[in-house]
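Worksheet: one structure, shown below.
The values are calculated or read from the model by the stated rules, or taken from the named source; none is laboratory data. Note that the coordinates shown come from a computational prediction; the quantities given were computed from them, not determined experimentally. Positions of Cβ are generated from backbone atoms using ideal geometry, with glycine treated the same way; all protein chains shown enter the neighbour counts.
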């Protein structure tokens, strides 16, 4: 140890003398999170990280939304860049020149509300080799517009495009030219997803055009002949639309349709038995999702019953994933037919099944099914007995029983035997504190995500029953929202257990106050850790006792990893502005939106699949690049352990 000073100087000198090309070669094998960690440790790595941005193959930056002055230094001209993923919440058309690089093959731009339709045409002009394109919220900001000619330029330029995901209102395009433009879409396109499009536009888009003086019986080439995956959110799912999709897309293996009617659909604008039996006429479909959402109006598929499901099931023997939402006339007979006809199914989701009972799973043990993902939301006739039959299939890794009101402690006793369970969602069920103790003896050792939102019988004691001091807990996401008897005492127990949670939701808990925030801000995951645990997401929306005092604890240096924060709309604007200045990269939501939800498709399978960064180096790097300040790096070098 006496030689540590000289040894450290020698090692530091050796690091500076290493060829920059060698360091850069090593760093190209790392992701952005690891590179930015290295960049904050010493000047040599910082300099190398800055230079290697000119030849790094992928740049993924979705955990924060940098402004233009921060993103430009990070995206210099790079002939080796293949993949770019950026949150564009603070960017607009003026940033297109640095974002759109000609070598890109994958481009994902999230939250493009401040961009215009020019983004589409510029992608087509500059990214000729693009294979994958994802755009969300394009031109949603007032005053922005999209012209169908922008889409035409995109298709004309990106002739190798394979996946196109447009997560915004596609109906903004003018209808009279919309279908014509899609006729020149790349023949390489195999996957298409749209955030919203009317059913009429879908029918026109997929229907081959009839040339002048051409007979209707004349064989016409299909639009989008190579499509294998189609995901659409529409106003109405109709027989006409199903027929058009089935007759014009022969290679379809993945079909996901979702609608949100604003009124009760008429016969011509609804799905019936006649329409549903046309699904999978070509026999290639592996994944099917048909969901009618009740977000706007309480509408259901009232014209589809067991007969329609029976006729559809005849062609679904090779299905691997089925999701049915809003089929209020389908009974146990229809649902059991799916289980017994689709022997290869491993994902089953049923939403708003008012006639689904325990009988659906009565003889599931006699089947050859190997279910790994099951979601049965708003199925209020399902009881503990049905759950016991279901979990006899011991391969379950995701189980979603949200809003099944008759699920209680006995169900948790059987669920605890699932050794591979990763995500459990039992919102609104009739469980008690004692019932949760069953989980701590079994499934809690494998669980990564747990949601007990709205379970009214729970109290602070549920934390003690869940987290046994002697158990090895893998939990990273916990939802304790809307539990009226949860208080600061429960959060204190949680902090004492030192669970390294990444996401904690406590919205609409009236007894949660400033004390809980102070406890969470002061906790340590381990003796070598830092304050604020490891929380990346904290939802405090409409918690009864949160005052301005909490916002002092939400500032730096507390909660160093925090990226998402939910608060009540009643919070003073000055307080929020002050917090935003202190943490410019923090997403603050105050209108009650659910935090961290980036897409509209069902993502219950991926609740525990988040890829979080270890520490907060990117923010340091960005601010350091913008201010040209090397003091922190110098201090880190001076304080470094010479033996490391």
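Points worth noting:
Results for (1) at pLDDT 90 or above; (2) crowded, with 21+ Cβ neighbours inside 10 Å, shown as yes or no for each residue.
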residue: 424; (1), (2): yes, yes
residue: 430; (1), (2): yes, no
residue: 447; (1), (2): yes, yes
residue: 470; (1), (2): no, no
residue: 504; (1), (2): yes, yes
residue: 530; (1), (2): no, no
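- Index of the failed condition, residue 123 passing every other in (1) in contact with a strand residue (DSSP E or B) (Cβ under 7 Å, 6 or more places away or on another chain); (2) at pLDDT below 95; (3) in a helix (DSSP H, G or I): (2)
- Residue ID - farthest from the chain's Cα centre (by Cα), chosen from residues in the range 68-82 that are buried (at least 16 other Cβ atoms within 10 Å of the Cβ) and not in a helix (DSSP H, G or I): 78
- From 279, 227, 245, 237, residue being in a helix (DSSP H, G or I), under 28 Å from the mean Cα position of the chain (by Cα), assigned by TED's automatic domain parsing to the domain that holds residue 313 and at negative phi: 245
- For the range 248-276, the set of residues classified as closer than 19 Å to residue 163 by Cβ, in contact with a strand residue (DSSP E or B) (Cβ under 9 Å, 6 or more places away or on another chain) and assigned to a loop (DSSP other than H, G, I, E, B) consists of 249, 252, 253, listed by residue number.
- All of (1) in contact (Cβ under 8 Å) with a residue 24 or more places away in the chain; (2) over 20 Å from residue 141 (Cβ atoms) hold for residue 76 with one exception: (1).
- Scan of the range 127-168 for residues that are part of a helix (DSSP H, G or I) and either modelled with pLDDT under 95 or buried (at least 17 other Cβ atoms within 10 Å of the Cβ) (or both), ordered by number: 148, 149, 150, 151, 152, 153, 154, 155, 157
- Within the range 169-197, being in a strand (DSSP E or B) and over 19 Å from residue 245 (Cβ atoms) holds for one residue alone: 169.
- Exactly one residue out of 400, 358 is over 26 Å from residue 265 (Cβ atoms), in contact (Cβ under 8 Å) with a residue 12 or more places away in the chain and in contact with a strand residue (DSSP E or B) (Cβ under 6 Å, 6 or more places away or on another chain): that is 400.
- Residue satisfying condition, being over 20 Å from the mean Cα position of the chain (by Cα) and closer than 15 Å to residue 323 by Cα, within set 257, 290, 285, 271: 285
- Matching residues in the range 472-502 - criterion: being buried (at least 20 other Cβ atoms within 10 Å of the Cβ), modelled with pLDDT of 95 or more and within 20 Å of residue 402 (Cα to Cα): 477, 478, 479, 480, 481, 482, 483, 486
- Flag if residue 103 is part of a loop (DSSP other than H, G, I, E, B), under 27 Å from residue 254 (Cβ atoms) and modelled with pLDDT of 95 or more: no
- Selection status of residue 438, more than 14 Å from residue 497 (Cβ to Cβ), at pLDDT below 95 and surrounded by 19 or more Cβ atoms within 10 Å (Cβ to Cβ): yes
- Counting only residues that are crowded, with 17+ Cβ neighbours inside 10 Å and touching a helix residue (DSSP H, G or I) at 6+ places or on another chain (Cβ under 8 Å), the range 299-309 holds 6 of them.
Here is a yes/no grid of residues against (1) modelled with pLDDT of 95 or more; (2) surrounded by fewer than 18 Cβ atoms within 10 Å (Cβ to Cβ):
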residue: 321; (1), (2): yes, no
residue: 324; (1), (2): yes, no
residue: 333; (1), (2): yes, yes
residue: 340; (1), (2): no, yes
residue: 343; (1), (2): no, yes
residue: 350; (1), (2): yes, no
residue: 363; (1), (2): no, yes
residue: 370; (1), (2): no, yes
residue: 374; (1), (2): yes, no
